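Okay, so here's the structure we're looking at.
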């Protein structure tokens with residue numbers, strides 16, 4: 001409910017033989033999918049879009065993102081709100097996405113991209 005991306009990769013199903021706890025093995029490289037900053041017309045927001053789209057109803061949007069009515073009923077809205085406020089305060093990426101939201105709302109921007117570049121040590 002609070003993640004920015006979804007994980008992807010090629011799953012090797014050979015490790016599951018019906019015994020033991022569920023596990024999976026990724027063959028090759030894993031990756032993260034982030035998609036667009038705003039949901040497509042008629043689609044619900046998900047992942048990073050939840051930090052930008054309709055933040056007045058953000059808690060409800062996060063609950064709806066589960067797509068599971070049973071899970072929605074089990075969500076403690078006060079805890080979710082507290083976690084969201086904590087992330088707003090301490091997570092630099094949340095601040096970047098909130099800033100993008102403000103730019104999109106204030107300037108009527110049509111095309112906005114965010115680049116998150118992290119310095120890497122030389123290898």
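The values are calculated or read from the model by the stated rules, or taken from the named source; none is laboratory data. Everything numeric in this text was worked out from a predicted model, so none of it was measured. As a convention, Cβ positions derive from the backbone with ideal geometry for all residues, glycine included, and neighbour counts pool all protein chains shown.
Filtering segment 83-95 to residues that are surrounded by 11 or more Cβ atoms within 10 Å (Cβ to Cβ) and closer than 13 Å to residue 58 by Cβ leaves 83, 84, 87, 88, 94. Taking residue 119 as the residue in question, decide whether it is surrounded by 15 or more Cβ atoms within 10 Å (Cβ to Cβ) and modelled with pLDDT under 85. No, not satisfied.
Contact map, segment 50-76: residues that are more than 19 Å from residue 39 (Cβ to Cβ) paired with residues that are part of a loop (DSSP other than H, G, I, E, B) and at pLDDT 85 or above, Cβ distance under 7 Å, separation 6+ or inter-chain. No pairs are found. State yes or no: is residue 66 outside any strand (DSSP E or B), surrounded by 12 or more Cβ atoms within 10 Å (Cβ to Cβ) and over 17 Å from the mean Cα position of the chain (by Cα)? No.
The single condition from (1) in contact with a helix residue (DSSP H, G or I) (Cβ under 7 Å, 6 or more places away or on another chain); (2) modelled with pLDDT under 85; (3) surrounded by fewer than 16 Cβ atoms within 10 Å (Cβ to Cβ); (4) in a loop (DSSP other than H, G, I, E, B) that residue 72 fails is (4).
Which of the residues that make up segment 13-29 are loosely packed, with under 10 Cβ neighbours inside 10 Å and in a strand (DSSP E or B)? The answer is 28, 29. Could you list, in sequence order, the residues of segment 30-46 that are in contact with a strand residue (DSSP E or B) (Cβ under 7 Å, 6 or more places away or on another chain) and farther than 18 Å from residue 97 by Cβ? Within segment 30-46, 30, 31 meet the criteria. When each of 112, 80 is tested for being surrounded by 11 or more Cβ atoms within 10 Å (Cβ to Cβ) and modelled with pLDDT of 85 or more, the lone residue that passes is 80.
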